Amino acid sequence: MDLNVKIEESKQKTKEDLKDSNGLFNQKPTPAFIGASWIALLTGVTSYCIGLWNATMQLNEKGYYFTILLFGLFAAVSIQKSVRDKLEGLPVSDMYYGISWFSVICAILLLIIGLWNAELLYSEKGFYALSYLLSIYASIAVQKNTRDKNFIDSK
C-alpha cells in the first residue's frame, strides 16, 4: 500500500475518533488553551480597568467606557452561545441571533466613536482599543472552552 494512502487513512480515522454519535467533535480543550484564554481575559479586562482608574477623564466618561466593556463582554459571550447553539442544532430564534450580532457590532462601534471623539493621546486610544479587543476575543474563547469542557464531562 502506498505511504500517502496510509497517511490519509490514519488522518481520516483520527477525525472519526474525535466525533461522538451525533457527528460532533468531542475533543476536550487542553489545559494550556484554557489557561491562556483565562490569562488573556484577565489581562485585557484588568488592563482596561487600570487604565480607566488612572485616566484623567471625568467620572461620567469612565462610566461610559466601563459600560461599553461590560456590554461588549456580554454581547460576545451571547453571540458565541447563539452561534454554537445553531451549530449543535439547538433552537435559537432569529431575533435573538440578530440582536446578538447587532450588540457585538454596536459595542465595538460605541468604543470607536468614543475613542475618536476623546481628548486622549493616540497611545492611550490604542491602549484602550487593544485591551478591549483582547477582552472581547478572550471572553469568546473562555466561553467556548467552558462549553466544550462541560459537554465532554457530561458524557
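The values are calculated or read from the model by the stated rules, or taken from the named source; none is laboratory data. None of the values given here were measured: they were computed from a predicted structure. Quick reminder, even Gly has a Cβ in these numbers, built from the backbone with ideal geometry, and neighbours come from all protein chains shown.
A few points about this structure:
- Cβ-Cβ contacts under 7 Å between residues 6 or more apart (or on different chains), taken from a first residue in region 102-126 that is farther than 25 Å from Gln80 by Cα to a second residue that is surrounded by 15 or more Cβ atoms within 10 Å (Cβ to Cβ) and basic (Lys, Arg), are listed as Leu115/Lys125; Ala118/Lys125.
- Of the criteria (1) hydrophobic (A, V, I, L, M, F, W, C); (2) surrounded by fewer than 16 Cβ atoms within 10 Å (Cβ to Cβ); (3) part of a helix (DSSP H, G or I); (4) more than 19 Å from the chain's Cα centre (by Cα), which one Met57 fails: (3)
- Of all residues making up region 25-48, the number that are of a type in the set (Ser, Thr, Tyr), exposed (fewer than 13 other Cβ atoms within 10 Å of the Cβ) and under 28 Å from Tyr65 (Cβ atoms): 1
- Residue satisfying all of: in region 130-155; in a helix (DSSP H, G or I) and among the small types (Gly, Ala, Ser); nearest to Gly51 (Cα to Cα) among these: Ser131
- Considering residues of region 106-126 that are surrounded by 11 or more Cβ atoms within 10 Å (Cβ to Cβ) and of a type outside the set (A, V, I, L, M) only, the residue nearest to Thr56 (Cα to Cα): Glu124
- Filter result for Tyr64 (in a helix (DSSP H, G or I), surrounded by 13 or more Cβ atoms within 10 Å (Cβ to Cβ) and modelled with pLDDT of 95 or more): yes
- Residue count, region 73-105 (criterion: buried (at least 18 other Cβ atoms within 10 Å of the Cβ) and closer than 11 Å to Ile140 by Cα): 8
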